[in-house]
Ligand code: PGA
């Protein structure tokens with residue numbers, strides 16, 4: 001019912017040549033299943049978006065941005081608007097990735113503004129939520145995830161919410177090699193779906209795709225995807241190697 005969705009967050013890695021080569025390899029290697037049995041997106045650094053979008057233009061691979069600003073235009077040095085991202089071929093935009101929250105210092109409120117602006121600008125936001133290790137150890141996982149979800153979706157009606165994908169990314173599992181167990185992922189995904197049902201409706205909660213992210217690799221992708229409420233994966237490190245990312249795509253169908 002929910003089509004799997006595999007996305008590759010390339011973070012601040014690569015150059016123009018390697019980005020285009022990776023995008024082409026992903027497009028070629030997933031031809032026939034991408035778009036049909038699984039939605040696939042690559043999320044390169046801003047400066048390579050246009051080149052990557054061109055490289056995958058004849059395939060079913062979508063392109064996403066790692067961030068977006070909430071204002072439409074003006075004196076916001078260094079920021080990129082939703083319309084600019086659309087203009088260079090983006091379909092998706094990550095909002096509130098944990099590195100934006102914890103390294104760059106974005107607030108929950110700012111993330112919420114970005115989600116709304118992305119939708120209003122015709123992009124599909126991927127709202128990232130997830131707790132730090134200290135928060136999990138202190139028994140605050142649900143509290144943090146709920147806060148991220150409620151502030152991230154603040155002010156969105158059901159119609160706008162239907163444009164949103166949620167990504168659960170426990171911060172302690174990102175880039176650490178320490179993946180959440182499939183059971184841990186399922187537990188939080190079920191919690192998120194339950195919250196969405198309360199905030200919106202059961203139907204909307206059932207339709208919303210919830211991705212897992214954090215040290216996803218070819219050898220754990222299948223087991224994660226086998227969980228009832230894991231609808232896709234947000235892959236960092238392993239999305240930088242075409243072979244690994246293609247194996248993860250294969251494991252999702
Ligand atoms: P990772 O990153 O797969 O390298 O842990 C995931 C992410 O940050 O989206």
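Relative contact order for the chain using alpha-carbon pairs under 8 Å, separation at least 6, rounded to a whole percent?
Contact order relative to length: 21 percent.
Dividing the summed -39500 (n - 2.57) terms of all DSSP H runs of n ≥ 4 by the residue count of the chain sets its mean residue ellipticity at 222 nm at -11500 deg cm²/dmol.
For 225, 12, which order do you get if you count the other beta carbons within 10 Å of each Cβ and list the fewest first?
12, 225
Between the C-alpha center of the range 1-57 and that of the range 142-176 there is a gap of 23 Å. The residues 202, 140, when put in order of fewest to most other Cβ atoms within 10 Å, stand as 202, 140. For the range 105-189, the Kirkwood hydrodynamic radius comes to 13.6 Å, computed from all pairs of different C-alpha atoms.
Each peptide in 148-156, 34-42, 70-78 gets a packing score, the mean of other Cβ atoms within 10 Å over its residues, and the list from highest to lowest is 34-42, 148-156, 70-78. If the segment from residue 203 to residue 31 were pulled out straight at 0.36 nm per residue, it would be longer than the present Cα-Cα gap by 58.8 nm. The overall shape of the range 148-253, judged from the alpha-carbon gyration tensor, is prolate: a/c is not under 1.5, and a/b is greater than b/c. All alpha carbon pair distances within the range 41-186 were sorted into 5 Å bins beginning at 0; the resulting P(r) in whole percents reads 2, 10, 18, 21, 19, 15, 10, 4, 1, 0.
Report the Stokes-Einstein translational diffusion coefficient (µm² s⁻¹, integer) for the range 68-111, Rh taken as the Kirkwood radius over Cα pairs, at 4 °C with viscosity 1.567 mPa s.
Once the numbers are plugged in, D ends up at 114 µm²/s.
Between residue 147 and residue 253, the simple label model (points 7 Å from Cα in the Cβ direction) yields a spacing of 4.1 nm. Just so you know, the averaged projected area of the alpha carbon convex hull for the chain sits at 12.2 nm².
Between the range 120-138 and the range 213-253, the alpha-carbon centres lie 18 Å apart.
By the Cα gyration tensor, the range 1-112 has an equivalent ellipsoid whose semi-axes, rounded to whole angstrom, run 25, 16, 13 from largest to smallest. Modelled spin labels at residue 79 and residue 222, positioned 7 Å past Cα toward Cβ, are 4.6 nm from each other.
Where a number appears in this text, it was derived from the coordinates with a stated rule and is not lab data. Because the structure is a prediction, the values reported are computed rather than measured. No Cβ is skipped: glycine too gets one built from the backbone with ideal geometry, and neighbour counts run over all protein chains shown.
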